[in-house]
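Everything on this sheet refers to the single structure shown next.
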Amino acid sequence: MTDQEKKIGKQVVLPLSKAVEISVKSIKTRLGRSMITASGIVLAIAFLMSIFMSASINKALLEKGSLEIKVQLQNIGEEEQVKQIWLVVLSLLVCVVGIANAMLMSVTERYKEIGTMKCLGALDKFIIKLFLLESGFMGLFGSIAGALLGGLMMTIVSSINYGLEVFTKFPIAGFLYYFVVAVILGTVLAVIGAIYPAYTAAKMVPADAMRSEI
Amino acid sequence: MAEENVVRTRNVKKVFIMGNVSLEALKGINLEIKRGEYISIMGPSGSGKSTLFNMIGGLDKPTDGKIYIDEVDVAQLDAYELAWLRCRKIGYIFQSFNLIPVMTALENITLPMTFAGMSTDDAIDKGVRLLTMVGLGDRIQHKPVELSGGQQQRVAVARALANDPAIILADEPTGNLDLKTGKEIIDLLRKMNKEQGVTIISATHDLKMLDVSDRVFWIRDGKVERVERRADLDLNIGTVEGE
C-alpha cells in the first residue's frame, strides 16, 4: 500500500515554481486587498526597525560621537527601552493576528476556488503550500518596505535630535544586520499567521465547496 | 470494450444527519454505466440527484453500498488516490463554470495538467489545442470575467478534457446559460463524446439534454424510478413539449 501510495503521490504534483507563480498572481490580482493585509506587517516591522535603529544609532554616537551628544544620550533611562520592547512585541502579535484574520477571510472568499482545485486533483498539501507562499510573499515585501521605512524614519528623527553627526557616524553594518533580522522575522510571522487558515482551507470537502452558492 | 462498465454502483445509500433528524437522500441506487455512453440523470430538485452525482465523482462517500469507477472501489481509496482519480479519470463541469478567476483561460486548462505532472511546454501546447477545439482559439489569454457564460463553459469543457479522463461529470452544465448557448454546450459535449469516446454523465433539468443522451436515469425520492433508452424517449419528449 505504501509503495502504491508513493507512486500515486508522485503522479499528482505541484512544482514549487508553479506554486510560486500561482501565489504571486493571486497577490497581484487582489493587489488592493493584499496591500491592506501587508500594511499590518509594514507598520509592525517599521516600528521594530525604528527601535533597532534608534539603539544602533545611539550606540554609534556613544562610541564615536561628540561629548555634548554623549551627555544627552546618558539621560535616556533603561526603563524606557524595556517599555519599547514590550510595545514592539505587542505590535508584532497584533500583526500576526491581523494576518490570520485576513487569510481566514480570504479562505472564505475563495471557497469555490479551493473546491475547484481539489476537484482538479489538488492534494491538501498543495492548498497549504499556496496559502503559506502567498502569505510569505506578503510578509517578505511588507517587511522589506517596513524595515526601510522604520530605518529611514529613525535616521531622520535622530538627525533632528542630535544634528547631522548622525549621518557621518551612521552605523551601516548595524543597519544591514537589523534589516535582515527584521525581514526574516516579518516573513516568518506572516507564514505563522497563515498556518491555521491554510489548514482550514485544505481540510475542506470539495462537495461542500461546490454546494456553496455565491 | 464497449461492454465495460466505467461506473457501477451497488445499493448505494446516503444518510445526512442534521441535528436530531436524519435524512435518507439515497435509498439504494443500483446502476451501471458503460464506457462511451452519454447518460443523463434527471430528477426534481431534492430527489438526491446531486448527492448521487457527487458520489460518482468521488467528491463524497456513501453511507452504505459500493461505488466502482473503472472497477475500483472508491471507498477503498485514500486521499492521494482520490486526488489522482479526480485528476486523471474524471473531468468536472459545473453549473456555475467554476473557473479560477485569477487565471487566464489557458492557465485554467493547464492547471490540471500541471497536477498530473506534465511539463509546462506540453501543457501549453495541449491547452491551446483543446481551446481551439472548443472554438476559443482566439481567447486563450482572456480571464474568466472577460468571457461570456457560454465561453466560460466552453473553457470548463476544455478543462474537463485536459487529462483525457474516462468520464466527464457535468452538473447542470446548461443551468446558467440561455437556450441557444445551452444547446451549443450540449452539442459540444456530444461531439466530445463521439470523437474522444469519453463517457459523459450529466445531472440536469434540461429537456434538450434528453435528445442526445443514450440513456436517461430518472431519479425520484432517492431511487432510480426508471431507466430509458433514447429509442423510447422521443415519444416522451413529444408529450412533455406538447403539454
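The values are calculated or read from the model by the stated rules, or taken from the named source; none is laboratory data. Only a predicted model underlies this, so the values are computations on that prediction, with no experimental measurement involved. In this analysis, Cβ positions are derived from the backbone assuming ideal geometry, glycine residues included, and neighbour counts consider all displayed protein chains. Surface accessibility is based on the protein's heavy atoms, side chains included, excluding ligands, DNA and RNA. Shrake-Rupley method; radii C 1.70, N 1.55, O 1.52, S 1.80 Å.
The figures follow:
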item	result
Checking residue B:157 against (1) in a loop (DSSP other than H, G, I, E, B); (2) open to solvent by less than 30 Å² (accessible area, probe 1.4 Å), the condition it does not meet	(1)
Sole exception among (1) modelled with pLDDT of 85 or more; (2) more than 19 Å from residue A:191 (Cβ to Cβ); (3) within 14 Å of chain B (Cβ to nearest Cβ) for residue A:11, by number	(1)
Residue check, residue A:178 away from chain B (no Cβ under 14 Å), in contact with a helix residue (DSSP H, G or I) (Cβ under 6 Å, 6 or more places away or on another chain), touching a residue at least 60 places away in the same chain (Cβ under 8 Å) and not small (Gly, Ala, Ser)	yes
The lone exception for residue B:89 - which of (1) within 18 Å of the chain's Cα centre (by Cα); (2) under 23 Å from residue B:188 (Cα atoms); (3) open to solvent by less than 10 Å² (accessible area, probe 1.4 Å) it fails	(3)
Single condition residue B:47 does not satisfy, out of (1) among the small types (Gly, Ala, Ser); (2) more than 12 Å from every other protein chain (Cβ to nearest Cβ); (3) free of Cβ contacts under 8 Å to residues at least 24 places away in the same chain	(3)
Selected residue [of a type in the set (A, V, I, L, M), over 16 Å from the mean Cα position of the chain (by Cα) and open to solvent by 80 Å² or more (accessible area, probe 1.4 Å)] from A:85, A:57	A:85
Number of the exception - residue A:61 against (1) at pLDDT 85 or above; (2) within 28 Å of residue A:142 (Cβ to Cβ)	(2)
Residues of region B:162-182 satisfying the condition of being aliphatic (A, V, I, L, M) and open to solvent by less than 10 Å² (accessible area, probe 1.4 Å)	B:162, B:167, B:168, B:169, B:170
Residue ID - modelled with the highest pLDDT, chosen from residues in region B:183-237 that are open to solvent by 30 Å² or more (accessible area, probe 1.4 Å) and among the small types (Gly, Ala, Ser)	B:197
Which numbered condition residue B:56 fails, given (1) at the interface with chain A (Cβ under 8 Å from one of its Cβ atoms); (2) closer than 23 Å to residue B:196 by Cβ; (3) within 16 Å of the chain's Cα centre (by Cα)	(1)
Residue list for region B:111-122, filter: assigned to a helix (DSSP H, G or I) and surrounded by fewer than 22 Cβ atoms within 10 Å (Cβ to Cβ)	B:120, B:121, B:122
Lone qualifier among B:36, B:65, B:43, B:28 - being more than 21 Å from residue A:12 (Cα to Cα), over 20 Å from the mean Cα position of the chain (by Cα) and crowded, with 17+ Cβ neighbours inside 10 Å	B:65
The lone exception for residue B:23 - which of (1) of a type in the set (A, V, I, L, M); (2) in a loop (DSSP other than H, G, I, E, B); (3) open to solvent by 60 Å² or more (accessible area, probe 1.4 Å) it fails	(2)
Lone qualifier among A:146, A:121, A:139, A:150 - being of a type outside the set (Val, Ile, Thr) and either modelled with pLDDT under 90 or outside any helix (DSSP H, G or I) (or both)	A:121
Residue in region A:92-113 that is at pLDDT 90 or above, open to solvent by 60 Å² or more (accessible area, probe 1.4 Å) and within 14 Å of chain B (Cβ to nearest Cβ) present	no
Unique residue being open to solvent by 50 Å² or more (accessible area, probe 1.4 Å), without any contact (Cβ under 8 Å) to a residue 40 or more places away in the chain, under 24 Å from residue B:110 (Cβ atoms) and part of a helix (DSSP H, G or I) when the list is A:21, A:80	A:21
Within region B:96-110, considering residues that are at the interface with chain A (Cβ under 9 Å from one of its Cβ atoms) and farther than 15 Å from residue A:29 by Cβ, the one most open to solvent (accessible area, probe 1.4 Å)	B:96
Qualifying position, being under 19 Å from residue A:14 (Cβ atoms) and buried (at least 20 other Cβ atoms within 10 Å of the Cβ), among A:125, A:129, A:203	A:129
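Each row is one residue, and each column tells you yes or no for (1) of a type in the set (A, V, I, L, M, F, W, C); (2) more than 8 Å from chain A (Cβ to nearest Cβ).
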{"site": "B:73", "(1), (2)": "no, yes"}
{"site": "B:77", "(1), (2)": "yes, yes"}
{"site": "B:84", "(1), (2)": "yes, no"}
{"site": "B:144", "(1), (2)": "no, yes"}
{"site": "B:152", "(1), (2)": "no, yes"}
{"site": "B:159", "(1), (2)": "no, no"}
